[in-house]
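The values are calculated or read from the model by the stated rules, or taken from the named source; none is laboratory data. None of these values were measured; they are calculated from a predicted model. Here Cβ is always computed from backbone atoms with ideal geometry, including for glycine, and neighbour counts include all displayed protein chains.
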Amino acid sequence: MPIHATDHGWVLETTTTAYALGLNRSGLLAHRYWGPRLPDLSDYPPAPDPAFWSFNNVGHLTPEEFPGYEDVKFIDPCLKLTFADGVRDVVLRFDSAEIIAEPTPELRIHLRDTAYPLHVQLHYRAHERYDLIERWASVTNHDNAPVTIERIWSAQWHLPPGEHYRLSYLTGRHVDEFHLRREPLLPGLKVLESRRITTSHHANPWFAVDRGDATEENGELWYGALAWSGNWKLVAETTDFGSTRVSLGLNDWDFAWRLNPGETLTTPGCFAGYSSEGFGGASRRLHDLVRETLLPHGTAIHKVLYNSWEATEFDVDEPSQIALAELAAEMGVELFVVDDGWFHRRDNDRAALGDWWPDARKFPRGLGPLIERVNALGMEFGLWIEPEMVNPDSELYRAHPDWTIHFPTRTPTMGRNQLILNFAREDVQDHVLGMLDRLLADHKITFIKWDMNRNVSQPGWPNAPGDPRELWVRYVHGLYRVWGTLRKRHPHVVWQSCSGGGGRADLGILRLADQIWVSDNTEPTARLAIQEGFSQIFPASTMESWVTDMGPAHLPLAFRFHVSMCGVLGVGGHLLKWDAAKRAEAARWIARYKELRHLVQLGDLYRLRSPQAHPLSALQYMAKDKSEGVLFAFRTHLPLNTLLPPISLRGLDPTARYTVEGFEGARSGLAWMRSGLMLELGDFESTVRHIRRV
Ligand code: GLA
């Protein structure tokens, strides 16, 4: 059992780490320890009892696990609310604790307000094998009057006392997602958030904090991610007293929740861990957790797909798709996906969203014959949908103009000519659910790309049953309900989460979708950097990556393939414009990928040289048993006569002997890791090398 109750409180132990909390002498639930696992339970320090310091008191100075807004406390609290009588002071004190063994060991701490019948439950799950702690909170109102919650976060994570911490985080924008940023944490708040009703391309609810000296493979860091696909907020706070904490949870921007008598509000989960093996060690643990505990299809190997979007855009019909499918099948593609343009009157992006049945002009016999042909060619069939959206020019909007998110007195702002359906409403959820359920029941579909191509504006919910600002959270609950129900009813379907590329990539959506469409930018040199950022959190088995025609023509097909082979390989180029030689080369790379994909999709990732930092970049995937691996290296542009540095492999068994494709003879794992190997690559050249234990 990894959770222990002791005289000083509780300790959660994972394979190599520990997290301790307890009550201090003022009765506050305080953080005690987070770091490497110590030999004995008595080694963990007791809860700190900070002394009074003029203008501040113990409430401000204690590293509380879940501070409420009360007392002389100016740090950012986890809970802020207004009681029915107008009191805005929430005084939470310890009530009881319990340890639950199954299915995942969990510590539950019950807190109560000292004057009002308000209960808060804090949940701590120990994901032992992954060295991760999962936290969330729920608040229940036992009063006979409602309470208005203005902020509720999932967790506050405390760093060991000290200064000079550095925050790593991801930011970007559409077609340019997942840039890795690093900056020192100085006194004050660093805020990252989404106000877009979805996770967003602009930042991701993930953090890593180190002392400024961690590298890919060495050094201590503390990291975490929120499992939520709506508005979120991350606040890294460093106080003038040398304490640093990172809070993650629902965004309090424009948020309010009326908690009626007897009701409970539960926050999304937040995962966090400590790594002594640098950024690479942190990523590998998150990857294993995602693959083994979150993804609906777990460690299933994903198929090579073809997607027609960049080739035919909206111009899809039965003959054009069959022509592409025949060429795709010849190349070894296993899954043929029809993107946008297939449904009722969808000729461009100005109409039809909401009407999810096949267009009778493009598919006069329905989708059936195309699917049969695709299956006869030996491939499975997939489809694109964008269920949360509606174009004003659609049957759905004409029937239900009031179903969108809007303020009745304001002209709604269009994004890509579309409006957002109010998924917070149950009637909207039921309608969409019914339509998609029929689509899946009537067709042999094994893959769905679920897209979302605009962000919110005029966030109104006319006639909302509660506070209309509950929209931000109830929308996501509605999305999860529709998607989750479809997933249960059609368990064989593999779902991909897309939002104009990587706008909805988070640990919450990965409980529904096995894959993420990382970016609409498929130009391979840009993609290298985007994929590196994405890999901080998500495993390669979730990283769909297509080979397309985007970018300069001089980029070799091999380079394009190698970039996409670092994730789940797909092809999105215009095959009718690819000559026979190009298709034959593509077929060879697809066959090669099939030999190596178990390593890519299920192996341990080692980022050897960063493409965001160097024109010569490399990464490696190793089988869990270290018996084989694969090395990818890429050179973009370097001045003539640049001497390339050796590439040191990682993750090999130092005493075993390995061969690396293209190099004479076997060497010890230690030799490949210490003296490395020299690659000869010209500009825009790349290589893929199989590593084998002999
Ligand atoms: C979004 C997606 C693309 C494609 C188009 C279709 O932009 O990210 O991959 O599906 O929509 O309209």
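Mind telling me which of the residues R93, R112, R108 ends up being at pLDDT 95 or above and out of contact with any Lys or Arg (no Cβ under 9 Å at 6 or more places or on another chain)?
Numbers: R93 fails: out of contact with any Lys or Arg (no Cβ under 9 Å at 6 or more places or on another chain); R112 fails: out of contact with any Lys or Arg (no Cβ under 9 Å at 6 or more places or on another chain).
Answer to the check: R108.
Out of all the residues in the stretch 500-512, is one or more surrounded by 21 or more Cβ atoms within 10 Å (Cβ to Cβ), closer than 30 Å to E150 by Cα and touching a His at 6+ places or on another chain (Cβ under 8 Å)?
Yes - at least one qualifying residue is present in the stretch 500-512.
Within the stretch 524-556, can you find the residues that are of a type in the set (A, V, I, L, M, F, W, C) and in contact with a Gly (Cβ under 9 Å, 6 or more places away or on another chain)?
Taking the stretch 524-556 and keeping what is of a type in the set (A, V, I, L, M, F, W, C), we get 526, 528-530, 534, 537-538, 540, 543, 546-547, 550, 553, 555.
Within the stretch 524-556, A526, I530, F534, A540, M543, W546, V547, M550 meet the criteria.
In the stretch 372-384, is there at least one residue being more than 30 Å from V473 (Cβ to Cβ), assigned by TED's automatic domain parsing to the domain that holds R350, touching a helix residue (DSSP H, G or I) at 6+ places or on another chain (Cβ under 6 Å) and part of a helix (DSSP H, G or I)?
Looking for residues that are more than 30 Å from V473 (Cβ to Cβ), assigned by TED's automatic domain parsing to the domain that holds R350, touching a helix residue (DSSP H, G or I) at 6+ places or on another chain (Cβ under 6 Å) and part of a helix (DSSP H, G or I), one finds at least one in the stretch 372-384, hence yes.
Among (1) among the aliphatic types (A, V, I, L, M); (2) buried (at least 18 other Cβ atoms within 10 Å of the Cβ); (3) not in a helix (DSSP H, G or I), which single condition is A553 missing?
Result: A553 passes all but (2).
Can you go through L599, L631, L619 and tell me which one is hydrophobic (A, V, I, L, M, F, W, C), under 23 Å from the mean Cα position of the chain (by Cα), on the phi < 0 side of the Ramachandran plot and surrounded by 23 or more Cβ atoms within 10 Å (Cβ to Cβ)?
None of the other options fit; the residue is L619.
Mind checking which residues of the stretch 278-312 are among the hydroxyl-bearing types (S, T, Y), within 16 Å of the ligand (Cβ to nearest atom) and in a helix (DSSP H, G or I)?
Residue satisfying the conditions is T312 alone.
Test T239 against the stated conditions and say whether it is closer than 25 Å to E65 by Cβ and β-branched (V, I, T).
Judged against the criteria, T239 is a match.
Just one of (1) over 21 Å from R284 (Cβ atoms); (2) touching an Asp or Glu at 6+ places or on another chain (Cβ under 7 Å); (3) more than 14 Å from the ligand (Cβ to nearest atom) trips up N521, so point out which.
Only one criterion is unmet by N521, namely (3).
Quickly run through the stretch 337-388 and pick out the residues that are touching a His at 6+ places or on another chain (Cβ under 8 Å), surrounded by 20 or more Cβ atoms within 10 Å (Cβ to Cβ) and of a type in the set (G, A, S).
Selection gives A352 alone.
Within the stretch 221-231, does at least one residue satisfy the condition of being of a type in the set (F, W, Y), touching a Cys at 6+ places or on another chain (Cβ under 9 Å) and away from the ligand (no atom under 16 Å from the Cβ)?
Within the stretch 221-231, one or more residues are of a type in the set (F, W, Y), touching a Cys at 6+ places or on another chain (Cβ under 9 Å) and away from the ligand (no atom under 16 Å from the Cβ).
Inspect the stretch 313-325 for any residue being within 28 Å of D430 (Cα to Cα), away from the ligand (no atom under 16 Å from the Cβ) and of a type outside the set (V, I, T) and give the result as yes or no.
no
Return the residues of the stretch 544-564 that are within 21 Å of L324 (Cβ to Cβ) and touching a strand residue (DSSP E or B) at 6+ places or on another chain (Cβ under 9 Å); say none if nothing qualifies.
Passing the criteria: E544, S545, W546, V547, T548, L557, R560, F561, S564.
I need the full set of residues from the stretch 226-275 which are in contact with a strand residue (DSSP E or B) (Cβ under 7 Å, 6 or more places away or on another chain) and β-branched (V, I, T), in order please.
Across the stretch 226-275, the qualifying residues are V235, T238, T244, V246, T264, T266, T267.
Within 16 Å of the ligand (Cβ to nearest atom), basic (K, R) and either assigned by TED's automatic domain parsing to the domain that holds R196 or part of a helix (DSSP H, G or I) (or both): which single residue out of R527, R481 fits that description?
R527
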